[in-house]
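What follows is a single structure, written as structure tokens, with notes after it.
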Amino acid sequence: MRAWLMEHYQGVDQLRLAEVPAPQPGAGEVVLKVLFAALNPADAFLAQGLYPARPPLPHVLGRDGVGVVTTMGPDVQYPRIGDCVGVLRCDVGVTRWGTLAEEVAVPADSVASIPDGWSPEEMAGAPLVFLTAWQALTQWTEPPAPPPPGQRLLVTGASGGVGVASVLLGKSMGLPVVALSRSQEKAARLRELGADYVFDPADPNLVKTMIDTLGRHPIDLAVDTVGGPLFPKVIALLSHGGRVSIVGRSGGTVPQFNTATLLFHRIRLGGVSVGDYGPQEARTIWEDIVRRLRSLGRKPVVDSIVPFEEVKQGFARLAQGPLGKVLVRMTQSL
């Protein structure tokens, strides 16, 4: 089979398309003939050596995807050969070979059927970003639970995969949603998806603009995928007891951050890592997510699809800032 090999920790530009042996399923595993894979910023971080995982090389990236079951290992009851399924959260693409290949071996307890009414493309890019958004929104109580309805949610990088998922899930939880996006076109689309307010993070008076519109300390919970110079502005907008779920750092490191800004309003920061979810927990949460999207009349958002041979162009689109997910279509896809 063909696969995109990562042979160095020198970035996705160094990936190489090569012929490799097809995978064989171990106990409790199935092999999927991949139809669609999805690209994630974490793939690019891993390829640069900026991720905790350091898989042996060569490695194949790709954590999300949809495919048809072609072979089953011992002790597998579900799925069955011929089923078309999507990959839920697991180590595929992290410590084991991923979906940027024509075939991939996946733990059978880490796949799920395509929800009724969804296309394979919509399923292919959904699980990782929606599970990430779910954890970001629910991690502040024990046991985890959605925030009380009416609490105001801020989503930075709102047009990205996790951003769009956070907007949709926030609306399903009854949260007024404030989104940040630099593009007027994306801002309009985010409003269509349910964002109540959209502001431009490039506004030099962002904090004042938002306070003038929303009032002082207007944000109860922020889902932040950006970090960088924007982060102190996020802190300045939080209410007493406000929380920030930190998902990524697309804007780089936070310069000259004053930790005293956390003190008097008792601001809390929390990292997000869906690696904490085991197979059964991920499946239970995923089923809740699907129900919530159905209740909204919404489906996952796909930005663009590139051919398998153009994976590098797909990563370039990801770096540009898509609205929704960037997918890879395998040659054998229909």
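Numbers at a glance
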| read-out | value |
| --- | --- |
| Degrees between helix 161-172 axis and first principal axis of the chain (Cα, 0 to 90, nearest 10) | 60 |
| Stokes-Einstein D in µm²/s, Kirkwood radius over Cα pairs - the stretch 161-300 at 20 °C with 1.002 mPa s viscosity | 132 |
| Whole-number accessible area per residue in Å² for the stretch 225-275, which is evaluated in the context of all protein chains at 1.4 Å | 52 |
| Loop-resident sites, the stretch 1-84, for trypsin sites (Lys or Arg not before Pro), counting at most 13 other Cβ within 10 Å (DSSP) | Arg80 |
| Separation of alpha-carbon centers, the stretch 67-134 and the stretch 224-281, rounded to whole Å | 30 |
| Low-density loop cleavage sites - trypsin sites (Lys or Arg not before Pro) in the stretch 179-241, where at most 16 other Cβ are within 10 Å (DSSP) | Arg182, Arg216 |
| Local net charge near His265, Cβ-Cβ under 14 Å (Lys/Arg +1, Asp/Glu -1) | +3 |
| Computed helical MRE - 222 nm, the chain, DSSP H runs ≥ 4 contributing -39500 (n - 2.57), nearest 500 | -8000 deg cm²/dmol |
| Projected-area average for the chain over all orientations - Cα convex hull basis, square nanometres | 16.5 |
| HN-Hα J in Hz across the stretch 186-192 - Karplus 6.51, -1.76, 1.60, θ = phi - 60°, x for Gly and Pro | 5, 4, 5, 5, 5, 5, 4 |
| Cleavage-rule hits (GluC sites (Glu not before Pro)) in the stretch 1-108: DSSP loop, at most 14 neighbouring Cβ within 10 angstrom | Glu7 |
| Rounded accessible area per residue of the stretch 1-160, 1.4 Å, Å² | 38 |
| Nearest-10 value in Å² for the accessible area of Ile267, using the 1.4 Å probe | 20 |
| GNM flexibility winner over the chain from Gly161, Gly271, Gly321 (Cα, springs under 10 Å) | Gly271 |
| Which of Phe231, Ala53, Pro21, positive extreme of dipole for the chain (C-beta unit charges) | Phe231 |
| Of all accessible heavy-atom area on the chain, the percent that carbon and sulfur account for (1.4 Å) | 53 |
| Across Lys33/Lys171; Lys299/Lys325; Lys33/Lys186; Lys208/Lys299; Lys33/Lys312, pairs whose alpha-carbon gap is larger than 24 Å | Lys33/Lys171; Lys33/Lys186; Lys208/Lys299 |
| The chain: antiparallel DSSP beta bridges as a percent of all, rounded to 5 | 55 |
| Dipole magnitude of the chain, debye to nearest 20 (Cβ charges: Lys/Arg +1, Asp/Glu -1, about Cα centre) | 860 |
| Between the stretch 165-192 and the stretch 43-61, the alpha-carbon center distance in angstrom | 31 |
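The values are calculated or read from the model by the stated rules, or taken from the named source; none is laboratory data. Owing to the predicted nature of the structure, the values given are computational and were not obtained by experimental measurement. Positions of Cβ are generated from backbone atoms using ideal geometry, with glycine treated the same way; all protein chains shown enter the neighbour counts. All accessible areas refer to the heavy atoms of the entire protein, side chains included, with ligands and DNA or RNA removed. Shrake-Rupley method; radii C 1.70, N 1.55, O 1.52, S 1.80 Å.
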